[in-house]
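Contents: one structure, followed by commentary.
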Amino acid sequence: MNKARLYEPGRESQAVTVQFNPNSLEYTLRTGANGDKGTMSAASESAAREPQQQNDPTGAAEKAVLPVRLFYHTYTSSAAYSDVREEIKKLRQFVRQSGNTARTNASKVTFAWGTLLHTGMMNSFSVRYQMFAADGTPVQAEVSLSI
């Protein structure tokens, strides 16, 4: 099964692979005060198709939005688990930071999964920790991001 990936444009070889693919994606194209909204589900794995860029066809990239929810789980047993925040750190690198001039592409990220490609800036990033080991280590998280 192919996993969804996030990477800086032009640096696909350094992509971060998600642990679990999302079960649905919501793509929104804002046109003025109103927007066109559609839902995309995963395509059949057996069909090989060309990737399709999902950005705004008018070139106004700030109008195209792809919110994504990703799930992470690192608990196997009370003796075998790891801190889920180590996986979350890999995603945080794509969050745009003001004054970041060292990396010119740091403000853009591509979300790629199957035939879906979406490139833009990460507008929001939030994490909800949902499960903890007995010692308080977070072992499950839901990450919500918007590109």
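If Lys and Arg each add +1 and Asp and Glu each add -1, what is the summed charge of the other residues whose beta carbon sits under 14 Å from the beta carbon of Ala133?
Working: positive: Arg85; negative: Asp83, Glu86, Asp135.
It works out to a net charge of -2.
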Estimated FRET transfer efficiency (Ser82, Lys3; beta-carbon r; R0 22 Å; 0.05): 0.75
Rounded to the nearest 10 Å², the accessible area of Ser82 at probe 1.4 Å: 60 Å²
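The values are calculated or read from the model by the stated rules, or taken from the named source; none is laboratory data. Just so we're clear, the structure is a prediction, and the values are computed from it rather than from any experiment. Note that each Cβ is placed from the backbone with ideal geometry, even for glycine, and that neighbours are counted across all protein chains shown. Quick note on the areas: whole protein, heavy atoms, side chains included, nothing else; ligands and nucleic acids left out. Shrake-Rupley method; radii C 1.70, N 1.55, O 1.52, S 1.80 Å.
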